[in-house]
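The values are calculated or read from the model by the stated rules, or taken from the named source; none is laboratory data. Everything numeric here is computed off the predicted structure, so don't read it as measured data. So basically every Cβ, Gly included, is an ideal-geometry build from the backbone, and we count neighbours across all protein chains shown.
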Amino acid sequence: MKEDRIYFRVTNLQKQQLLIHAREENLTLTDYILRHTLADEKALDDEDKNLVKEINRIGINLNQIARALNRGQNFAAEAKEVHQQIKKLDAFCDEILAARKAYFRELRQYHKEFLKLCQNENKSRELLKQIDASIKLKKLELKKLKLCKGGVIHVHP
């Protein structure tokens, strides 16, 4: 159950953009922000999609070679191709892993900064409450002081 609240300020334009994006995904604003800030994985971008397609093609090639082996066909000519495909697959996997590590490193940094911003916002809000309370107290004290002085000044014999 969600019990805590976080307050942060945005411009009207930013708020409208967030609401539009949330509606596009059929989410509440809270769920939209949570999904996009606390997501375990980033949606595949075009580069990732291209890498996945290429890996699928390599997998298809390897399956065709495996079928040929199972039928007892001579595989000596294809051995070099298999080796090249495996190297290519390894390179793609390394590239994907490196990109994912960089993404998660950036995501963690973003989360840290976002949490700091929220904490600072909450601290500012609490400080404003304290200042408001102090101002109200001072106004009351001033009012009492004026009443006391007023009572003394306006006393007629």
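For this structure, a couple of remarks:
- Failed item in (1) over 29 Å from residue 47 (Cβ atoms); (2) modelled with pLDDT under 85, with residue 129 passing the rest: (2)
- Against the criterion of being surrounded by 10 or more Cβ atoms within 10 Å (Cβ to Cβ), at pLDDT 85 or above and assigned to a helix (DSSP H, G or I), residue 88 qualifies.
- Remark: pairs (first residue in segment 23-44, over 17 Å from residue 7 (Cα atoms) and among the acidic types (Asp, Glu); second residue at pLDDT 65 or above and surrounded by 13 or more Cβ atoms within 10 Å (Cβ to Cβ); Cβ separation under 8 Å; 6+ apart in sequence or on different chains) = 25/32.
- Scanning segment 145-155 for any residue that is modelled with pLDDT of 85 or more and assigned by TED's automatic domain parsing to the domain that holds residue 54 turns up nothing.
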